[in-house]
1. Taking the condition under 19 Å from the mean Cα position of the chain (by Cα), at pLDDT 85 or above and within 11 Å of another protein chain (Cβ to nearest Cβ), does A:Ile124 pass?
2. Scan the range A:135-168 for residues that are closer than 21 Å to B:Leu60 by Cα, within 9 Å of another protein chain (Cβ to nearest Cβ) and among the aliphatic types (A, V, I, L, M) and jot them down.
3. Are any residues in the range A:278-296 open to solvent by 50 Å² or more (accessible area, probe 1.4 Å) and without any contact (Cβ under 8 Å) to a residue 60 or more places away in the chain, and if so, which ones?
4. Please verify whether B:Ile152 is under 23 Å from B:Val66 (Cα atoms), assigned to a helix (DSSP H, G or I) and modelled with pLDDT of 90 or more, treating the condition exactly as stated.
5. Inside the range A:212-247, can you point out the residues that are in a loop (DSSP other than H, G, I, E, B), modelled with pLDDT under 75 and open to solvent by less than 10 Å² (accessible area, probe 1.4 Å)?
6. For residues that are of a type in the set (Val, Ile, Thr) and either more than 21 Å from A:Leu166 (Cβ to Cβ) or open to solvent by less than 10 Å² (accessible area, probe 1.4 Å) (or both), scanning just the range A:108-121, find the one that is nearest to the other protein chains (Cβ to nearest Cβ).
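The values are calculated or read from the model by the stated rules, or taken from the named source; none is laboratory data. Here the structure is a predicted model, which means the values were calculated and not measured. Cβ sites come from the backbone with ideal geometry, for glycine too, and all protein chains shown count toward neighbours. Note: accessible area is taken over every heavy atom of the protein model, side chains too, but ligands, DNA and RNA are not part of it. Shrake-Rupley method; radii C 1.70, N 1.55, O 1.52, S 1.80 Å.
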Amino acid sequence: MTDVLKIAVEAIGQDTLRVILGLIGVLILVVINALMLTWAERKVAGHMQRRIAAKEVGPFGLIQPIADSLKLLGKELITPMKVDRVLYFLAPVICFIPVLVSFVVIPFGEGLQVRDINVGILVILAFSSLSVLSIFIAGWGSNNKYSLIGAARSVAQNIAYEVPLLLSLLIVVIMVGSLSLKDIVEAQKGMWFILYQPIAFLIYFIAGVAETNRTPFDLPEAESELVAGFHTEYSGMRFAIFFLAEYTNIMIISAVATTFFLGGYLGPYLPGIVWFLIKTYFLVFVILWFRWTFPRVRFDQLLNFSWKILIPVSFINLIVTGGILKL
Amino acid sequence: MGAAEIIFIIIALFTMIGALMTVLSGSLIYAMMGLISTLFGVAGLYIYLNAPFLAMMQILIYVGAVSILIAFAIMLAGPFTMKPKEWTTVTKFIGSIVVSVVSFVLVFRAIMQTPWVQGKIKNFNVTTKDLGRIFLDRLAFPFEIISLLIVIAIIGAIMLALFSRRQG
């Protein structure tokens with residue numbers, strides 16, 4: 001094994017090899033994470049409603065997601081007749097790009113990071129805006145009124161919630177003085193930023209839940225009114241890719257929250273990656289928990305909440321933090 | 001031709017095909033997709049020129065915000081699928097050709113007359129800190145002028161919205 005690695009390092013150089021291995025690792029992580037989260041979502045839902053949820057396939061129903069994915073893989077890909085073919089095929093592809101790119105810069109452990117880019121957080125934020133685009137294209141290309149309404153809602157929602165999300169992260173960036181995620185984690189050696197900036201964390205988390213279109217902000221796919229929103233016309237593997245992206249986005253939002261506010265991989269006794277995963281999956285659990293405790297908000301409530309409360313509060317927070325740092 | 005040139009040509013082609021699609025497509029939504037690929041291509045050129053901060057800002061602002069706003073506007077305006085030849089008149093055609101030729105000549109002359117630095121620049125490493133300092137130091141005046149422009153645009157948009165609401 002070490003010989004193979006040595007030959008590979010000589011052939012393409014250490015940096016390139018690191019990136020390639022990192023990307024393979026990221027792909028594996030994305031798939032396993034999505035599989036586990038479909039299982040976890042059912043289990044959380046079941047136990048919160050005093051049901052048992054999946055339990056037949058494997059111990060505790062753990063093999064259930066694999067059975068589901070085999071079913072999705074085997075399904076026929078149905079393309080409705082009147083869709084805009086180019087946009088319809090392009091949408092699942094575009095929604096998968098940000099998912100892969102974001103993981104490249106997230107530090108999972110002290111040395112466990114595919115690439116430490118000095119504008120790290122900007123990479124995540126820049127590429128995550130592509131997921132709105134994919135929802136828009138999917139809704140438009142499907143040529144279906146429910147899809148289009150879902151897409152329109154998604155675009156309006158994302159414009160509204162991107163601003164507080166960026167502002168609350170900017171506060172931490174100002175405190176650290178760096179855009180690199182690794183520097184931000186290292187700056188939390190003494191104290192986690194959630195203790196300095198609890199309001200920024202709350203705003204980030206609310207905006208993050210809205211950005212991933214989860215309950216209580218799941219208006220783009222509101223099942224009870226829009227069938228399934230933007231992915232109504234998608235079936236089989238294309239539908240699965242949308243779900244893979246959604247579950248990965250939940251993890252990215254939680255991972256960024258962990259990195260920015262909860263000290264990332266820092267923690268006593270256990271290795272860094274364990275701490276990172278514990279913190280991240282705790283936040284993921286909270287997001288799953290939201291789904292079964294909060295009713296869906298109305299659309300005007302959703303937009304008013306962002307424009308009238310979250311954005312002014314995060315602006316004030318930013319100004320106050322800047323002032324205190326300068327004193 | 002080295003790998004660097006090949007990458008440059010691929011990015012440039014991607015940018016130009018996107019630009020052509022934006023101008024020539026009859027469907028607004030495809031024009032938007034063309035615009036997005038052009039903006040991505042320009043971001044690629046920034047990375048090629050070793051300016052990752054600028055590239056990420058390009059994607060964040062133009063792809064993430066401006067294109068999404070364009071998408072929003074398209075949704076409010078409704079479907080628009082006429083072919084260009086159905087609404088292009090002779091005067092419009094001639095006018096567009098005159099405008100594009102004149103602007104091409106102007107930009108081309110400006111590029112040719114600029115004395116470009118030849119050869120390799122060593123240690124070209126501008127950080128975000130340097131950029132921020134320049135904005136609040138040497139380029140403070142143009143920076144403030146731009147923010148004034150944005151304020152005027154916002155006030156204009158609010159006025160338009162208020163008046164149309166009163167009339168409706």
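1. On the way: under 19 Å from the mean Cα position of the chain (by Cα): yes; at pLDDT 85 or above: yes; within 11 Å of another protein chain (Cβ to nearest Cβ): yes.
The answer is yes for A:Ile124.
2. A:Ile137, A:Ala151, A:Ala152, A:Val155, A:Ala156, A:Ile159, A:Leu166
3. Hits for the range A:278-296 are A:Ile278, A:Tyr281, A:Phe282.
4. Values: under 23 Å from B:Val66 (Cα atoms): yes; assigned to a helix (DSSP H, G or I): yes; modelled with pLDDT of 90 or more: yes.
Considered against the rule, which asks whether it is under 23 Å from B:Val66 (Cα atoms), assigned to a helix (DSSP H, G or I) and modelled with pLDDT of 90 or more, B:Ile152 comes out as yes.
5. Applying the first criterion (in a loop (DSSP other than H, G, I, E, B)) to the range A:212-247 yields A:212-218, A:222, A:227-228, A:232-235.
Cutting the leftovers down to modelled with pLDDT under 75 gives us A:222, A:227-228.
Matches in the range A:212-247: A:Ala222 only.
6. A:Val119
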